[in-house]
Amino acid sequence: QVQLVESGGGLVQPGGSLSLSCAASENIFNFNAMGWYRRAPGKERELVATINVGGVTNYADFAEGRFTISRDGPEKTVYLQMGSLKPEDTAVYYCNARIRSRMYWGQGTQVTGSS
């Protein structure tokens, strides 16, 4: 069973930065893609960023230019570096891994942008 464990959430001032980590229980190159999603209070879960097995990245419009997804194969970890944070970035951030059509999720980590 694939396990994904997020860490790094917390409270951040507007304009601040935060880095999230997602540690996988197996070789991350076994996955077709990994990524980050978020669910803000009262909203549906939405894509933040993904990185596929070939290293191609994809970002939501709100993340483009502010967030960076990266990975470390030996550490079996995917990162999300977030900058210029806004109060509306407040959400639970979830790590995701996909093998073909099967999706795996972490438990989520809370990011709160203070206003």
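The values are calculated or read from the model by the stated rules, or taken from the named source; none is laboratory data. Keep in mind it's a predicted model, so treat the numbers as computed, not measured. FYI the Cβ positions are ideal-geometry reconstructions off the backbone, even for glycines, and counts take in every protein chain you see. Calculation scope for accessible area: heavy atoms of the full protein, side chains included, ligands and nucleic acids excluded. Shrake-Rupley method; radii C 1.70, N 1.55, O 1.52, S 1.80 Å.
The table that follows gives values for the structure above.
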{"read-out": "Residue list for segment 46-56, restricted to those being over 12 Å from the mean Cα position of the chain (by Cα) and either among the hydroxyl-bearing types (S, T, Y) or open to solvent by 60 Å² or more (accessible area, probe 1.4 Å) (or both)", "value": "V53, G54, V56"}
{"read-out": "Residues being open to solvent by less than 20 Å² (accessible area, probe 1.4 Å), among the aliphatic types (A, V, I, L, M) and more than 13 Å from T90 (Cβ to Cβ) - total across segment 3-13", "value": "1"}
{"read-out": "Failed item, numbered, when Y93 is tested on (1) open to solvent by 70 Å² or more (accessible area, probe 1.4 Å); (2) within 27 Å of Q1 (Cα to Cα); (3) under 14 Å from the mean Cα position of the chain (by Cα)", "value": "(1)"}
{"read-out": "Residues located in segment 89-103, provided they are part of a strand (DSSP E or B), over 19 Å from E44 (Cβ atoms) and of a type outside the set (K, R)", "value": "A97, I99"}
{"read-out": "Tabulated pairs, segment 72-87, first closer than 18 Å to A33 by Cβ and free of Cβ contacts under 8 Å to residues at least 12 places away in the same chain, second open to solvent by 10 Å² or more (accessible area, probe 1.4 Å) and aromatic (F, W, Y), C-beta under 9 angstrom, 6+ apart or interchain", "value": "D72/Y79"}
{"read-out": "Qualifying residue in segment 78-88 (condition: part of a strand (DSSP E or B), in contact with a helix residue (DSSP H, G or I) (Cβ under 8 Å, 6 or more places away or on another chain) and either surrounded by fewer than 18 Cβ atoms within 10 Å (Cβ to Cβ) or at pLDDT 95 or above (or both))", "value": "yes"}
{"read-out": "Count - residues of segment 14-43 that are open to solvent by 50 Å² or more (accessible area, probe 1.4 Å) and farther than 18 Å from T109 by Cβ", "value": "8"}
